[in-house]
Amino acid sequence: MGQMIKVGMADLKICKPPDNLTTIGLGSCIGIALYDPVTKVTGLAHIMLPDSTAIRNNSNIAKFADTGIQKLYDDMIAAGASKTRIVAKIAGGAKMFAMSGANASTINVGEKNAQASRDKLKQLGIRLISEDCGLNFGRTVELYSEDGSYLIKAVGKDVKTI
Amino acid sequence: MSDISVEEINDKYIDVLKEIGNIGAGNATTAIANMLSLKVDMSVPMVDLTPVEKIGSIIGSEEDIIVGIMLGVETDITGSMMFLLDLPSAHHLVNRMMMRDPEYMEDFDEMDLSAVKEIGNIIAGAYLNALSGLTNLTITPTIPYVAVDMAGAILSVPAIQFGMVSDNALIIKTEIGDDLGISGYFILMPEGDSYAKILSALGVPI
């Protein structure tokens, strides 16, 4: 029986079968799932902010889409995943509060996180095969290493697999 | 006036912020008690510097459903504040407001969510009045926004706000207790030089 390994906020981990990965309560954050279907090397990052270069305090590389995805990718390769086979799925990036006006730019960081994640994946040449982003609710995700399925749970909604 | 970061808020500042928390939460509690004719008391607030990665679990499990009320703060200082209630506490307050059976636990409808917003308005107004009175700064709240969702998801909002400038977040925890038990948490998220403005308005040398 494998373990369900928890990935925290501003954190990233990789695993292989029989272990699986989860991250709980994605709001505006993004859960980036990377998977190599042959070696079954599986990785999950929970990023909070789009761009490490825009922020002075950027020591935790797992906090940002640009540096977090890079690190997850490097870890996957080091664990035996093939550059050409890695595919990605992303979830999260919600707008939890429908704020407008002066505070809106910082509150709407969810969409920026999703876009920064797509951009970074493209730059690394990783194919984004599916996503479940935006809207106004939190998501808990589970990433299964056996087949790369990405389960999305939300309050009051049916479980979705992408 | 220098720009101070969350990390530079040392013990002296923590005491000042704790006092603001105390007075603000006291005001807010009185306002709620008056509105609902409840007998309410309040714990001494705890002011904590929490690593942003841990914010999701300050109230309980990240997967617990909580109610978050968020308001923007404008004029002399800018930022936002959040008031958080666990689900039973929110139901309890809404039932009191709607004069309903205290055991009623159905999902919130539109009317209930309006009531939650109104509670947020009253609490935030009282809290900010206290802060404004102490500092002589004009502090205006925006209209409230409400979300009922997983704690991790709701708390990712302040985590991100603080995460832009720091690895830590300043959380003021206040438990508002009545005969039935309500727990509430305040998170004040000043932006830019607003910390410095608050502290210097209170005569704390920076």
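Exposure proxy check: B:GLU62, B:GLU110 ranked by fewest other beta carbons within 10 Å? Don't jump to the answer; show the numbers that get you there.
Working: B:GLU62 25, B:GLU110 7.
Final ranking by Cβ density, sparse to dense: B:GLU110, B:GLU62.
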message = Within 10 Å of each Cβ in B:136-149, how many Cβ atoms from other chains are there, averaged over the peptide?
response = 3
Cα centre as origin, Lys/Arg/Asp/Glu Cβ charges: the stretch A:78-162 dipole, Debye = 240
task = Within 10 Å of each residue's Cβ, count the other Cβ atoms and sort B:PHE83, B:PHE108 from fewest upward.
result = B:PHE108, B:PHE83
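Any idea what the alpha-carbon Rg over 2.2 N^0.38 Å comes to for chain B? Show your work: numbers first, answer last.
Numbers: Rg = 16.4 Å, N = 206, 2.2 N^0.38 = 16.7 Å.
After normalising by residue count via 2.2 N^0.38 Å, the value is 0.98.
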ask   = Can you list the residues, at least 5 places off or on another chain, whose amide H is less than 5 Å from the amide H of A:PHE137, using H built in the peptide plane?
value = A:LYS95
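Taking the Cα centre as origin and putting +1 on Lys and Arg beta-carbons and -1 on Asp and Glu beta-carbons, what dipole magnitude results for the protein assembly as shown, to the nearest 20 debye? It would help to have the intermediate numbers written out before the result.
Details: 29 positive and 45 negative charges, 245 e Å.
Roughly 1180 debye, rounded to the nearest 20.
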query = How many partner chain Cβ atoms sit within 10 Å of a residue's Cβ in peptide A:23-33, on average, as a whole number?
reply = 5
note = Residues whose modelled amide H sits under 5 Å from the amide H of A:ASP132, counting only those 5 or more places away in sequence or on another chain, are A:ILE90, A:ALA91, A:GLY92
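Could you list A:ARG56, B:ARG100 in order of exposure, starting from the residue whose Cβ has the fewest other Cβ atoms within 10 Å? Don't skip to the end; give the middle numbers.
Values: A:ARG56 8, B:ARG100 13.
Sorted ascending by nearby Cβ count, the order is A:ARG56, B:ARG100.
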ask   = Say each of A:LEU135 and A:THR39 gets a label point 7 Å from the Cα, pointing the same way as Cα to Cβ; how far apart are those two points in nm?
value = 3.5
request  = Give the peptides A:133-145, A:37-49 in descending order of average Cβ contacts within 10 Å, highest first.
outcome  = A:37-49, A:133-145
key: Extreme residue, positive dipole direction of the stretch A:4-150, given options A:SER149, A:THR84, A:VAL38 (C-beta unit charges)   = A:THR84
note = Simple spin-label estimate for A:THR53/A:ASP19, 7 Å along Cα→Cβ, in nm, reads 3.3
message = Using amide H atoms built in the peptide plane, which far-off residues or other-chain residues are under 5 Å from A:ILE5 H to H?
response = A:ASN20, A:LEU21, A:THR22
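Taking beta carbons within 10 Å but only from partner chains, what does the mean come to for residues A:62-71?
Counting Cβ atoms of other protein chains within 10 Å of each residue's Cβ and averaging gives 1.
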query = Under 13 Å from a point 7 Å along the Cα-to-Cβ line of A:LEU128: which residues of the stretch A:65-87 have their amide N that close?
reply = A:65-66
ask   = Dipole of the stretch B:6-201, Cα-centred, from +1 at each Lys and Arg C-beta and -1 at each Asp and Glu C-beta, to the nearest 20 debye?
value = 600
remark   = The Cα radius of gyration of the stretch A:1-141, divided by 2.2 N^0.38 Å with N its residue count, comes to 1.01
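Read-outs throughout are calculated quantities, based only on the coordinates presented, and are distinct from any laboratory measurement. Bear in mind that the values here come from a model prediction, so they are computed numbers and not experimental data. Quick reminder, even Gly has a Cβ in these numbers, built from the backbone with ideal geometry, and neighbours come from all protein chains shown.
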